[in-house]
Amino acid sequence: MTTLLTTGYGDTVLQTNFGRLVASVVKILGFSIIVVPIVIIIAEIFKSLSETSWKN
């Protein structure tokens, strides 16, 4: 996660608009790699819990 979201150490930053664009795309992909599976897992847990509570 840190590798995908870090674009420099503060003293080294992206200079070109193309570099910033590529970094933005990589950041969005990095977030989706982490967030999408978590949302799916939470949705399945919620679905399972709600089905269980209706049966009782």
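The values are calculated or read from the model by the stated rules, or taken from the named source; none is laboratory data. Note that the structure is predicted; figures quoted are calculated from it, not measured. All Cβ positions, even for glycine, are placed from backbone atoms using ideal geometry, and neighbour counts span all protein chains on display.
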Point to revise | In segment 16-36, the residues that are surrounded by fewer than 12 Cβ atoms within 10 Å (Cβ to Cβ) and either free of Cβ contacts under 8 Å to residues at least 12 places away in the same chain or not in a helix (DSSP H, G or I) (or both) | key: THR16, ASN17, PHE18, LEU21, VAL25, ILE28, SER32, VAL35, VAL36
Point to revise | Filtered residues of the chain (kept if of a type in the set (Phe, Trp, Tyr) and modelled with pLDDT under 90) | key: TYR9, PHE31, TRP54
